[in-house]
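**Student:** I have a structure I would like to understand better, so I am pasting it below and will then ask my questions one at a time.
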Amino acid sequence: MKKLTYLTLSLFSIFTFAQEVSKERVKTILSTLASDEMKGREIGTPENENATQYIATLFKENNLDYCTGNSYLIPFDYKGKKVYNVCGVKKGKTDKYLGFSGHFDHIGTSNSSGDNIYNGADDDASGITTLVGIADYFKNKKPDFSMVFMAFNGEEKGMLGSTAISQDKNLDMIYHHMTALFNFEMVATESQWGKNALYMTGDGFSDLDELFNKNAVNGLKINADPYAREQLFYRSDNVSFVKKKIIAHSFSTVDMSKATHYHHENDDISIVDFDNMTQIINNFGKTLEKLNRQNFSPKYNDQVKYN
């Protein structure tokens, strides 16, 4: 009986561990997107197209449904050329949705000698890796909320992709039932509060962070926006959904008072804290498992501006 109990516990431990996203998986995804071969993923380039296809492959691996039509790729026009956002759906127990997003384009290459590639490991391969990691976590689970995963293109040119997809009438059903959108923007480094912590832009505009933190596991915490004067809430892809009156905030770890890699060639995998990212992804997943329509229904206050 003791042996049987030990075996049962061992199998349970293996099964539980298997539900978590591995650091190797996180490193593989981020390193692929931020590789020199991607040449900075500037919109309209072959490398940007390669990143698009790679993300679609990751969505397929997670058995996500198409958001619309028969493809994960949702086209929009950029300088007369067809480019794409990537969108996939995970059906939950209800028709209420949580959204997870980030942008995969970056700013390409420079004319400098030596390292001239803006790899964009933090900005924003880290955000895409985080949302794919959450999809990984729920691959074999059925959460209470349905989930939509959106990888935006063209953020660096003025939030083009998020603007286009937010206006796509084919997705109105999802938007109508969207409880909140988590937009991940630069989450590769340890925050000023230490590991296992992020901050939320525009935290004073809604109670999303408060409701999330009440259910957060293993010490994960969303902190207040330390750069409120910079109005980052209105300067990232989340604002495309704020305009639709959807609860939408960006989540980050970057300490802008110390960071030297923003829009520089040294934004490569050498600055990434993979242990911290993996911890955040798994604790985010565990927290999301606890969320339902009864304990998570965030609201804006009257301070937010919708246009």
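Quick note: the coordinates plus some simple rules give every number you see, no bench work behind them. None of the values given here were measured: they were computed from a predicted structure. Glycine also receives a Cβ, built like all others from the backbone with ideal geometry; neighbour counts cover every protein chain displayed.
**Student:** Amide H to amide H, which residues 5 or more places from Asp267 or on other chains are under 5 Å from it, using H placed in the peptide plane?
**Tutor:** Asn119, Gly120
**Student:** If you filter the range 253-294 for trypsin sites (Lys or Arg not before Pro), then keep DSSP loop positions with at most 14 other Cβ within 10 Å, what is left?
**Tutor:** Filter output for the range 253-294: Lys258, Arg293.
**Student:** Right, next: Among the lysines, which fall within straight-line cross-link reach of Lys39, defined as a Cα-Cα distance under 17 Å, with same-chain neighbours fewer than 8 residues apart omitted?
**Tutor:** Lys157
**Student:** Would you kindly state the longest site-free stretch of the chain, with sites defined as chymotrypsin sites (Phe, Trp or Tyr not before Pro) in a DSSP loop (not H, G, I, E, B) surrounded by at most 13 other Cβ atoms within 10 Å?
**Tutor:** Answer from the scan: 1-261.
**Student:** Could you put Val89, Val272 in order, starting from the residue whose Cβ has the fewest other Cβ atoms within 10 Å?
**Tutor:** Ordered from fewest to most neighbouring Cβ atoms within 10 Å, Val89, Val272 come out as Val89, Val272.
**Student:** A follow-up question, please. Long-range amide H contacts for Val187: which residues qualify at under 5 Å (H placed 1.01 Å from N, peptide plane, sequence gap of 5 or more or a different chain)?
**Tutor:** Under 5 Å from the amide H of Val187 lie the amide H atoms of Ser126, Gly127, Thr253, each far enough along the sequence or on another chain.
**Student:** Sticking with this structure for a sec: Checking the a/c ratio against 1.5 first, then a/b against b/c, what shape does the Cα gyration tensor give for the range 22-290?
**Tutor:** Verdict is rounded for the range 22-290.
**Student:** Please give me the summed charge of the neighbours of Leu291: other residues whose Cβ is under 11 Å from its Cβ, Lys and Arg +1, Asp and Glu -1.
**Tutor:** Every neighbour counted, the sum reads +3.
**Student:** I need Glu190, Glu47, Glu210 ordered by Cβ neighbour count within 10 Å, fewest first.
**Tutor:** With the sparsest Cβ surroundings first, the list reads Glu210, Glu190, Glu47.
**Student:** Determine the shape class of the range 19-85: with a ≥ b ≥ c the square roots of the Cα gyration tensor eigenvalues, call it rounded for a/c under 1.5, and otherwise prolate if a/b is greater than b/c, oblate otherwise.
**Tutor:** Because a/c hits 1.5 or more and a/b fails to exceed b/c, the range 19-85 counts as oblate.
**Student:** List the aspartates and glutamates whose Cα sits under 13 Å from the Cα of Lys93, skipping any in the same chain fewer than 8 residues away.
**Tutor:** Answer for Lys93, where 13 Å is the Cα cut-off: Asp144, Glu289, listed by chain and number.
**Student:** What 222 nm value per residue comes from the helices of the chain, counting each DSSP H run with n ≥ 4 as -39,500 (n - 2.57) and dividing by all residues, nearest 500 deg cm²/dmol?
**Tutor:** Value at 222 nm, helices only, nearest 500: -9500 deg cm²/dmol.
**Student:** Additional query: Around His249, which amide H atoms from residues at least 5 apart in sequence, or from another chain, sit under 5 Å from its own amide H, with H modelled in the peptide plane?
**Tutor:** So His249 has HN proximity to Leu181, Asn183.
**Student:** Could you pull out every one of the aspartates and glutamates with an alpha carbon less than 18 Å from that of Lys60, ignoring same-chain neighbours closer than 8 positions?
**Tutor:** Glu49, Asp136
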